[in-house]
Structure formats: C-alpha cells, structure tokens
1. So, in region 131-149, how many residues would count as being within 30 Å of Glu234 (Cβ to Cβ) and not aliphatic (A, V, I, L, M)?
2. Scan Glu64, Glu38 and give me the residue that is within 15 Å of the chain's Cα centre (by Cα), closer than 22 Å to Cys152 by Cβ and touching a residue at least 12 places away in the same chain (Cβ under 8 Å).
3. Determine, yes or no, whether Ile100 is surrounded by 14 or more Cβ atoms within 10 Å (Cβ to Cβ), assigned to a helix (DSSP H, G or I) and not polar (S, T, N, Q).
4. Out of all the residues in region 101-135, which are without any contact (Cβ under 8 Å) to a residue 24 or more places away in the chain and either closer than 21 Å to Pro42 by Cα or not charged (D, E, K, R) (or both)?
5. Please state which one of Arg72, Arg81 is at pLDDT 90 or above, part of a loop (DSSP other than H, G, I, E, B) and loosely packed, with under 13 Cβ neighbours inside 10 Å.
6. Against the condition closer than 25 Å to Val131 by Cβ, surrounded by fewer than 16 Cβ atoms within 10 Å (Cβ to Cβ), in contact (Cβ under 8 Å) with a residue 40 or more places away in the chain and over 17 Å from the mean Cα position of the chain (by Cα), how does Gly241 come out, does it pass?
7. Just the residues that are exposed (fewer than 15 other Cβ atoms within 10 Å of the Cβ) and either among the β-branched types (Val, Ile, Thr) or out of contact with any strand residue (DSSP E or B) (no Cβ under 8 Å at 6 or more places or on another chain) (or both), please, taken from region 10-28.
8. Return the residue satisfying two criteria in turn: it lies in region 202-222 and is part of a loop (DSSP other than H, G, I, E, B) and hydrophobic (A, V, I, L, M, F, W, C), and of such residues it is farthest from Thr20 (Cα to Cα).
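The values are calculated or read from the model by the stated rules, or taken from the named source; none is laboratory data. On a predicted model such as this, the values are computed, not experimentally measured, just so you know. As a convention, Cβ positions derive from the backbone with ideal geometry for all residues, glycine included, and neighbour counts pool all protein chains shown.
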Amino acid sequence: MKRPIENKEYRHSLGVSQSTIKGFAECPAYVQYLQEQEKTMPTDPMIIGLMVESMLLGTLFKHEVSPYSDFRSGDAKEWKRRMESAGIPIIKESMMERIIPMVEAGKQAFGDIKDCDVSVGIWREHAETGVLRRVLLDLVPRNRPIISDLKCLADPSPNGFARTVTNLRYDIQEAYYTRLFQEETGEPTRRRMEWWVIGNEEPHLTARYYIPQSYIESADRQIDFWLKLYAHCEETGVWNGYTPKPVEVDLPKFFVPFQ
C-alpha cells in the first residue's frame, strides 16, 4: 500500500486495474488497448474530474495551470510543448471556470474531509492466477467502514447514476476496490463504496449512492472469470477480437428482407 500516491505514478505502475479488466466486456484485444491508453495523457474531461478530486478531497494530481489564454503565440506553443513532453496535464482557463463551481458544490454537499487517507494505492496478486492487480482509492475514512469515490457526471440523478453504473460497470470497480482493500488490511468485514456524485453541468447537483450488495457479489464472480481469461491471454500471447471464428449474426427483428 502506498498513501498518498500521485495519479501519474499510479497509472504508470505495474498491475491490472479495474479499468483494464472491464475491457473483457468487449473482447481481449480491447484489454490490450486499454492498458496502453492508461499510460497516455488524460483527456480534458478526465483532467476536469481529477482536478475536482484534487481540490475537493486533496488527492494527488500533478498538473500545471496555463498562464496563457490560448496557445497561438510562439511562447505559448513552446510552453505547451514542454508540458506535454514532460507528461504534465494542462489546466486551461476554460476548465477552471467549470471546475470551481463543481468544487464549491462538493464542499457544500460533503463538508470538510477529515480523518481520511487519500490517493491510496494498493497492489496485490490474485491468489488463483497470480495476476498482479492494482487500485487507486480516492478517499478512505479512518472512522467509517466505507471507501468513498467521487464521480463528476452529466446526470447525477438516481436514474442517471443507475444508467452510468450499468454502462461503465461501477459494480466491477466497487468489487475490485473493496476486495483488494480487505485483502491488504485484513479487516474482518469488507467495506462498501459510497459514491459521491457531482453534476458537471449547472446547477451542479450532488448526491451520495450505494450499489446493491447483490450486484457486488455478482461482480466478484465476473472479475474472477476475467482474471483467469487475462492470465490465459498472457500465457498464450493471443488476445482475440470479438470472435476468432466466423459466426452467423442475429439480425434485429425490425429487419425485413426483400420479398
């Protein structure tokens, strides 16, 4: 366990993250792609989310705020080139205009962050396969049996969060995070995730959510299956696409062939 750990250092460390393992929901070849993507510069939406986390929770995120309003001048272009060459994300003025009200909304909703560990990195081998797993936890309270994760979403409503859980498989993230934390700490009872959500558009509504425990138990089984598949792909060196053999597809019911 390393606490705190800077975001870039974590992303470049060894181990299979929950973001990578979820790639098996597509196909093995996509997992390889995701592993490489994790080491690249974060996108602007990712930078906004990481900056909100840093300002609100105190997580470690190395960055530089741009002293230029745009990058058209020679000096601005050179400064931008140096930052990108060093792998340092740039916070633009337009980003800060979005970030600050989100942080303020988070402070009102979640209060001062006290008695917590932030940016907690954990690396552990999977007992059955030997695959090295890694997680980066946003916030680990010392006086509550939870792990908190902050999300900035377009739709922070209960229905919107439920759709996002389904689309982005937050159930996999929770199962991955809480299992590694329990393995690392030896706590007798496995923690739950409390999801802190901030709307990334005005009026920046906020919420706290739990995912039903039955979904986490199902996610555990899915993770074990995917880790076995990961170990097999590593051993054979074969990372297939959607299907290695020709298959007949099922056409949608609305498709009517010409008579």
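1. 4
2. The unique qualifying residue is Glu38.
3. no
4. Gly111, Ala127
5. When all the criteria are applied, what remains is Arg72.
6. Yes: the conditions hold for Gly241.
7. Result: His12, Ala25, Glu26.
8. Restricting to residues being part of a loop (DSSP other than H, G, I, E, B) and hydrophobic (A, V, I, L, M, F, W, C), the top hit is Leu205.
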